[in-house]
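Heads up: the structure comes next, in structure tokens.
The values are calculated or read from the model by the stated rules, or taken from the named source; none is laboratory data. This structure is a prediction, so every number in the text was calculated from the model and none was measured. All Cβ positions, glycine included, derive from the backbone under ideal geometry; neighbour counts span all protein chains shown. Side chains included, ligands, DNA and RNA excluded: accessible areas come from the protein's heavy atoms. Shrake-Rupley method; radii C 1.70, N 1.55, O 1.52, S 1.80 Å.
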Amino acid sequence: MDSGSKEIAFDCSSFRLYMDGRVDRNPHRMETMPAGFDAATGVDSKDVVIDAATGATVRLYLPPLQGAATTKLPILVFFHGGYFIVGSDAEPMYHRYVNSLVARARVVAVSVEYRLAPEHPLPAAYDDSWAALEWAVSRADPWLSDHGDLGRVFLAGVSAGGNIVHNMAAAVGASGLPAVEPARIGGVIELHPSFSGEQKMEVEDEAFFQANNDRWKIIFPGATGGVDDPRINPTADGAPSLTKLAGQRLLVCTASEDPRAQRARAYCDAVRASGWRGKAEWFESEGEGHGFFVLNPGTSTAVALMDRVVAFLAGH
């Protein structure tokens, strides 16, 4: 083609991304739900501006205190999915998921809003996520200062958010986590994380592999080494050692019908083989596809995955 303006790089139900960097988003994926009290779970939520200069926000969640207002709760920093291209912390399916998780696990949650590509190419989402993590451990909001335990900070994310979680854990492991009081990453949860690499794995679908790499190249044009940038491919040659990941425990969750599953499992195996000081666990949902548990949270497999995540947050 003389022009890439009509050449499609990645096409799915959520968006169509063109080779020239244009994107057509499904309006459904950009819908939002207001914060506030959720009668179904008893969880309260509110939006907080964390940087007046940029307008950056997070959504905070507080479970029912049940008369134990003085009890400190784990802090969960959550990163939504959406290919880095769609979605938000206020997207209905993620808002409902975090409400349910906060109620079940009894955690104070900070759901992160980050800028979307391609208008804001990576590493913008990583920069926003790091700023939000720093803000969370500063406990600048009363919900965090009154109820959050800096000794039990957890990171969790779905899809692109799972990729962000890895990169936040790597950054904390490399440089520490600045906080007025010492903060400790107790665990890391990567739900259907999105990774890739220049070399196709034997089990990967060829069409998905090529389209997914085209997407990465458009949304992260400054990546070092292309799709072998360690932020995209944590197991690439020359990537920082996985032994430096923050946290004492890692839970990587995949779905058997998700084309990203083998990359995620290989990542989990690589963490185990690296000599990392923590415990790396892998959990797969049979017969399910990518992100099924936020799309259809009432299914038995979604409930089983929620149970596993809740148990992990409880230290089991």
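Ligands, DNA and RNA are left out, and with a 1.4 angstrom probe the accessible area of the stretch 142-265 is 37 Å² per residue. Tell me the angle of helix 300-313 to the major Cα principal axis of the chain, expressed in degrees between 0 and 90 and rounded to the nearest ten. The angle comes out near 60 degrees.
Phi angles of the stretch 110-116 translate, via the Karplus equation with coefficients 6.51, -1.76, 1.60 and θ = phi - 60°, into HN-Hα couplings of 10, 8, 8, 9, 10, 5, 9 Hz per residue; Gly and Pro are given as x. In terms of its C-alpha gyration tensor, the stretch 106-263 has a prolate overall shape, because the principal axis ratio a/c (a ≥ b ≥ c, square roots of the eigenvalues) is not below 1.5 and a/b outweighs b/c. Per-residue packing, averaged as other Cβ atoms within 10 Å, sorts the ranges 105-111, 118-124, 188-194 into the order 188-194, 105-111, 118-124, beginning with the highest.
Assigning unit charges at the beta carbon (Lys, Arg +1; Asp, Glu -1) and nothing else, what dipole magnitude in debye, to the nearest 20, does the stretch 8-150 show about its Cα centre? Each step should come with its number before you reach the end.
Details: 12 positive and 18 negative charges, 78 e Å.
Dipole magnitude for the stretch 8-150 comes out near 380 debye.
The magnitude of the dipole of the chain, with charges of +1 and -1 set on the Cβ of Lys/Arg and Asp/Glu and taken from the Cα centre, is near 920 debye.
Separation of the stretch 141-166 and the stretch 182-235, taken as the distance between their Cα centroids, equals 22 angstrom. Pairs of lysine residues in the chain that meet both criteria, 8 or more places apart or on different chains and Cα atoms under 23 Å apart, total 4. Counting Lys and Arg as +1 and Asp and Glu as -1 over every other residue whose Cβ lies under 9 Å from the Cβ of GLY187, the net charge comes to +2. Here the Karplus relation 6.51 cos²θ - 1.76 cosθ + 1.60, evaluated at θ = phi - 60°, turns the backbone of the stretch 46-60 into coupling constants of 7, 8, 10, 7, 9, 8, 5, 5, 9, x, 4, 10, 9, 10, 8 Hz, with x for every Gly and Pro. Adding -39500 (n - 2.57) for every DSSP H run of four residues or longer, then dividing by how many residues the chain holds, sets the calculated 222 nm ellipticity at -9500 deg cm²/dmol.
Using a probe of 1.4 Å on the protein chains alone, the accessible area found for TRP143 is around 40 Å².
The angle separating the long axis of helix 206-219 from the principal Cα axis of greatest extent in the chain is about 70 degrees.
For the stretch 225-302, the list of GluC sites (Glu not before Pro) that fall in a loop by DSSP and count at most 11 other C-beta atoms within 10 angstrom reads GLU286. Take every pair of alpha-carbon atoms less than 8 Å apart whose residues are at least six positions apart; their mean separation over the length of the chain yields a relative contact order of 15 percent.
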